[in-house]
Amino acid sequence: MVRLVQSLVDGALQGSVLSLAAVGFSLIFGVLQIINLSHGVIVVLGAYLALMLRRLWGVDPLIALPAVAAVCFAFGYVYQRYLISPAIRRANLLYSLLVTYGVALVAQNAFTLVFSPDNQSIRPDYANQFFRIGGVTVNVLQIIAFVASVLLIALLAFLLRRFPLGRTIRATAEQALAARLCGVDVDEVHALTFGLSAAFAGAAGVLIGMLYPFAPTAQENWTIYGFVVVVLGGAGSAAGALLGGLLLGIIGALTSEYIGPAYPNAVVFLVLVLMLLVKPNGLLGSAFGGSR
Amino acid sequence: MGRPALRRAGAALAALLVLAALAAVPLHATPFALRVVLNIFFGAALATAWSLLGGLAGYWSFGTSAFLGLGAFTAALMQEHGDFGGPVARFVVSVVAGGAAAGALAAVIGYPILRLRGAYFAIAMLGVSLVLGELSNSVDLFEGALGITLDPGTSIAPEVFFYYLFLALAALAFGVAVWVRYSRLGYGLIAIREDEDTARMLGVPTERYKLTGFVLSAVLIGLTGAVYAYSLGYITTSSVFRSDLSFNVVVYSLLGGMGTLIGPALGAAVMTFLTEVVLGGMLQAHMMLTGLVIIALVFLLPNGIVGLFRRRRAPPALAGAPAQRSEQAFAPAATAGDMGEPILKFVGLTRTFRGLRAIDDVDLAIAPGSITTIIGPNGAGKSTLFNMATGYLAPTEGEVWYEGRRIDGTPTHRLNRAGMARVFQIAKPFHGLSVYENVLVGALFGRDGARNPRKVAEEALAFAHLSPLAGEVASSLPVGHLRRLEFARALATRPRLILADEPCAGLNPVETAEMMAMLQAARRRGATVVLVEHDMETVMKISDKVFVIAAGKLIAEGPPADVVHRPEVIEAYLGKPLERLP
Amino acid sequence: MTAPLLDVQNLAFAYDGAIAVDGVSFDVRPGEAVALLGANGAGKSTTVKLVAGVLKPQRGRLTFDGGDTTALPSHAVVERGVTLVPEGRLVFPRLSVIENLQMGAYARRAKANYAANLERVFALFPRLADRRSQAAGSMSGGEQQMVAIARGLMSDPRLLMLDEPSLGLMPKAVNELFALIRTIRESGIALILVEQNVFQALEVVDRAYVLEKGRVTLSGTGAELLHNDMVRKSFLGL
């Protein structure tokens, strides 16, 4: 019983970070209908930025997080506005796949050149403290990451629901031409949305870098997890991303505990495929109307 | 010998010459050059096979490595554990087994997975490839972690041996692609890419065709994977279940020209040449440059390489010059059944959506050979009626009868075969195809296909006065012409019953008069027409009978002159009594 | 003679090689209602999209209220006071009626008068006031047209352009629509009406232009065109 609870707790804690890492991908997919194959490199970029800040000025990653998120926001904004959007205008929406694939290729190898292909970590010292609550062991860092992730996702949900920008994003996602005719600068909105997505990805990257070792090759996984979260939880909503990420984390943890540590990925991907066959829009459905 | 046949012979000869030239390469080239060309063939074979479903039908798979890896591992396990006599037999059986295993997987998962569209299909296939990869690694039976060694047991120099093998695979893939492209299957797949729902309504057996394309593609990829395993000599999970290969084939097709025959091979050639020859050297730098080149190519070649030489995306597959003269008659719709019996009948039909009664106990009968109009307020349920008649929706209660048979619940494409055609208010042409090709799809597939589809297509075009525009790409047509195209395409399926949704919406009086004439001409040739319309002039002029639906109920029926004077009709629908225009 | 509010000079645009608008010139005076008539493909929709800044003119000049708007993007054009209600209504389906209206008031000029405009809109469309929390996509065609026009009015326009507002509406709703158009006219907003419903359109506007193959071939007052032989034959089928 304790074993089960431990697995569930581990899964939820890991899953919260996965949610944060994937919410940006989900937003882009829902709002812009773009599959961002370079999503994973932005996550990894966040980790590397935090690494640099610590090496250069000894900044603790948690303190660095807002700055990293801001830098990633700026990067995402510029990336969408001046590369992805022109590419789509030049060709068509599907070409965003090619462009983001190219960027991922460039970025992953740039990271390898600059930082070496080896694993890095920004695990702080206070990470090695543990709590025991009723037989379940939890690591301080995991709790911090969980709280941070949930708070950030809640912030995004609040932004999308209550703020005018959120309504603008939703309207633009539903009917871009009509939004244009209401006076919305759609290119600007798309760039802001992408910036937001990148900010959340970068923030997740910082937390991930604190929790696990990371290397340039990890970027592919984070893009794939983005897919999984979208499929499990539903595209375009913070709640969907949270649900999807938690499920992903829990399934992974349960598999690891009860079937074997080599199997979580296999089971997760199997769940992905089954979910697509049964309920492709995710448990909460697509936030912006199934645009299949 | 006609011109198209001559062109085909010329193309075949050119292909043979190219093949011969490529076959002669090993006699003169360095091992390095051989390797590069071999890799081009490898990429070309994979990408061309991928394009059978991805380029033609528009179903992009991100899971090519699933079939590649499965083919590789099947061959490897066969090679290791099989006992077939000599090394040659063992090699051949193993390779074939690789292709067969991939085909079998496709056949098994195809039906459920092909129900997904667009990005979801792509991700699902990625998921499949990831699952297989993980399984091969974790499950000891597949020895993926440890690895398997393969040796074809030939005395020919490996780079030459595999050169010819991969050349053969690329040629095979290309041959299959050409054969599919110019067949009825190819046309159906293209229609699926353009607009799958419309294709199904016109009679294309979409599920069967998609599955066929999927399996063919898988077999070719599996065969290539098997040979690839031998060429590596030693395989592990990570050497064959490679996601980068899955994405590369998409990149090759986009670069070379999505949906074209030579595009995937061209893209493979360019990218392989770039990465191995021009940018060979330090791995990271050359990968980065590859990425930059891909990005640059999006801006420089938005239609792929082939797009540089062509203006339209899809050239006519079944080549044939459209008729110059205007045909008087089009293939007549054979009348079936008893003339006295209504051709379409609703009995106590009800449909509820979440508690709301969209259609409420409607009884309606349509006489064969008539023009009937259904009028009523927006949201009254008229489209729902049509949707139930054409198999889009099942009734909550009640029955739908067609030509004396009960049809509620019958799927849409089977009703097409039974002679029903629907024309939508929002025209849905196949945008990338020409006017002629659009109509040809109707002729090829409607009611299982006409015996002489080209003639039927030409006649339907003439009937709709579209012959001079036959070669124009559909996306360039204005709304009025698109409506006529919809009709022509529907007529090419030789229907006995035409259901038309507001055919006159957005047309000015001249265009409306043309549409009316077309409907009346269709009726003269034996078709029954049922319209939903708001244009009261049309309704008055051509209807034999009018039904009025308001709030889901039938509130009036009868000859038009009668119905429009009923107070309940004026109240609910007209607003004020109809007056003659000055 | 009052200076025109909108002055269109020699506008030209082609889609990917297909010429849609080929030297169109016309004007709209303050508070005036003008109709653009013509067959499908004549260039009417393209023209209003050019004025709205959704499409960029390849030739020609657009002057609104004395300022050059030729190269302005759509959001800037809305800010100047020109609003297009597009063909097909294009409401935001999952947003509620009130959210649709709030989106209509996105521009800065619109925010300034938000409360007054909202009151006006609800007075014009009492049915919308009753259903303000309903998702716009769940409404009937006629009601969605109301939402779309109301949304357009929320942007506080000086010139409102309606592209085929009667498309797909039943006769009763069409009558209500044209009554509404008359009311909007009376409030002093200039109007451009693109319509297939030629008879009703000519009765409600001051002047009209006929477009054929991307060019203006005929112009005059509503009454003049109603009695013009060519118009009667081509458009009224008489």
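Some points to look at:
- Inter-chain Cβ neighbour average for residues A:109-118, partner chain, 10 Å: 3
- For C:MET170, the amide hydrogen comes within under 5 Å of the amide hydrogens of B:ASN378, counting only partners 5 or more places away or on other chains and with H modelled in the peptide plane.
- Whole-Å semi-axes of the ellipsoid equivalent to the stretch A:195-292 (Cα gyration tensor, √5λ, descending): 22, 20, 11
- Label-point separation, A:ARG90 to C:SER25 (7 Å along Cα→Cβ), nm: 3.9 nm
- Convex hull per residue volume in Å³, alpha carbons only, for the stretch B:31-242: 113 Å³
- At an R0 of 60 angstrom, the distance between the Cβ atoms of B:LEU19 and C:ALA112 translates into a FRET efficiency of 0.25.
- Only Lys, Arg (+1) and Asp, Glu (-1) charged, at Cβ; the protein assembly as shown dipole about Cα centre in debye: 840 debye
- The relative contact order of the stretch A:2-278 comes to 42 percent, based on Cα pairs under 8 Å that sit 6 or more residues apart.
- Distance between the 7 Å Cα→Cβ label points at B:ARG208 and A:TYR212: 4.7 nm.
- Computed [θ] at 222 nm, deg cm²/dmol, chain B (DSSP H ≥ 4; -39,500 (n - 2.57); rounded to nearest 500): -17000 deg cm²/dmol
- Additional length obtainable on full extension of the chain from B:TYR182 to B:LYS576, 0.36 nm per residue less Cα span: 136.1 nm
- For chain B, the longest principal axis of the alpha carbon atoms and the long axis of helix B:3-24 meet at an angle near 20°.
- Here's the picture: a label point sits 7 Å out from the Cα of C:SER133 along the beta-carbon direction, and within the stretch C:78-110 the residues with their amide nitrogen under 20 Å of it are C:92-103.
- Neighbours of B:PRO453, meaning other residues whose beta-carbon lies under 13 angstrom from its beta-carbon, give a summed charge of +3 when Lys and Arg score +1 and Asp and Glu score -1.
- Protection proxy ranking, peptides A:164-176, B:209-221, average beta carbon neighbours within 10 Å, highest first: B:209-221, A:164-176
- Between B:ALA157 and B:ARG405, the contour length at 0.36 nm per residue exceeds the alpha carbon distance by 82.4 nm.
- If a spin label sat at a point 7 angstrom from the Cα of A:ASP125 along the line to its beta carbon, the backbone N atoms of the stretch A:193-219 nearer than 19 Å would be those of A:210-211.
- Using a Förster distance of 22 Å, the FRET efficiency for B:LEU308-B:SER239 (Cβ separation, nearest 0.05): 0.05
- The amide H of C:VAL85, built 1.01 Å from its N in the peptide plane, has C:MET161, C:LEU162, C:ASP163 as neighbours under 5 Å, considering only residues 5 or more places off or on other chains.
- In summary, the convex hull built on the alpha carbon positions of the stretch A:42-194 has an orientation-averaged projected area of 12.5 nm².
- Rg over Rh [alpha-carbon atoms, Kirkwood Rh] for the stretch A:2-278: 0.97
- Extended-chain gain in nm, criterion 0.36 nm per residue less alpha-carbon gap, B:ALA365 and B:ARG524: 55.2 nm
- Once divided by 2.2 N^0.38 Å, the Cα radius of gyration of chain B becomes 1.16.
- Using the Karplus relation 6.51 cos²θ - 1.76 cosθ + 1.60 with θ = phi - 60°, the per-residue 3J(HN,Hα) values for the stretch A:267-282 come to 5, 4, 5, 5, 4, 4, 5, 4, 4, 4, 6, 9, 9, x, 7, x Hz, with x marking Gly and Pro.
- Convex hull (Cα only) mean projected area of the stretch C:119-169, reported in nm² to one decimal: 3.8 nm²
- Only the Cβ atoms of Lys and Arg (+1) and of Asp and Glu (-1) were treated as charged; on that basis the dipole of chain B about its Cα centre amounts to roughly 1260 debye.
- Rg/Rh (Cα only; Kirkwood hydrodynamic radius) as it applies to the stretch C:145-238: 0.97
- Share of Cα-Cα pairs in the stretch A:78-131 lying beyond 19 Å, as whole percent: 53 percent
- For the stretch B:344-574, projected area of the alpha-carbon convex hull averaged over all directions, nm²: 12.1 nm²
- q = 0.07 Å⁻¹, the protein assembly as shown: log10 I(q)/I(0) [Debye, one scatterer per Cα]: -0.74
- 5 angstrom amide H check on C:ALA35, placed H, neighbours 5+ away: C:LEU193, C:ARG207, C:ALA208, C:TYR209
- Listed from fewest to most Cβ neighbours within 10 Å, the set B:HIS465, A:HIS39 follows the order B:HIS465, A:HIS39.
- ³J(HN,Hα) computed for each position of the stretch B:258-264 - Karplus, 6.51 cos²θ - 1.76 cosθ + 1.60, integer Hz, glycine/proline x: 5, x, 9, 6, 8, x, x
- Solvent-free Debye scattering, log10 I(q)/I(0), computed from the Cα coordinates of the stretch B:155-284 at q = 0.13, 0.15, 0.20 Å⁻¹: -0.69, -0.88, -1.35
- Estimated FRET transfer efficiency (A:ALA70, B:HIS465; beta-carbon r; R0 41 Å; 0.05): 0.05
- Label-to-label distance, nm, for residues given as B:GLU537 and C:PHE199 (7 Å Cα→Cβ offset): 0.7 nm
- Using the Karplus relation 6.51 cos²θ - 1.76 cosθ + 1.60 with θ = phi - 60°, the per-residue 3J(HN,Hα) values for the stretch B:294-301 come to 4, 4, 4, 5, 4, 7, 7, 10 Hz, with x marking Gly and Pro.
Just so you know, all these numbers are worked out from the coordinates, no wet-lab data involved. None of the values given here were measured: they were computed from a predicted structure. Neighbour counts run over all protein chains shown; Cβ positions are idealised from the backbone, glycine included.
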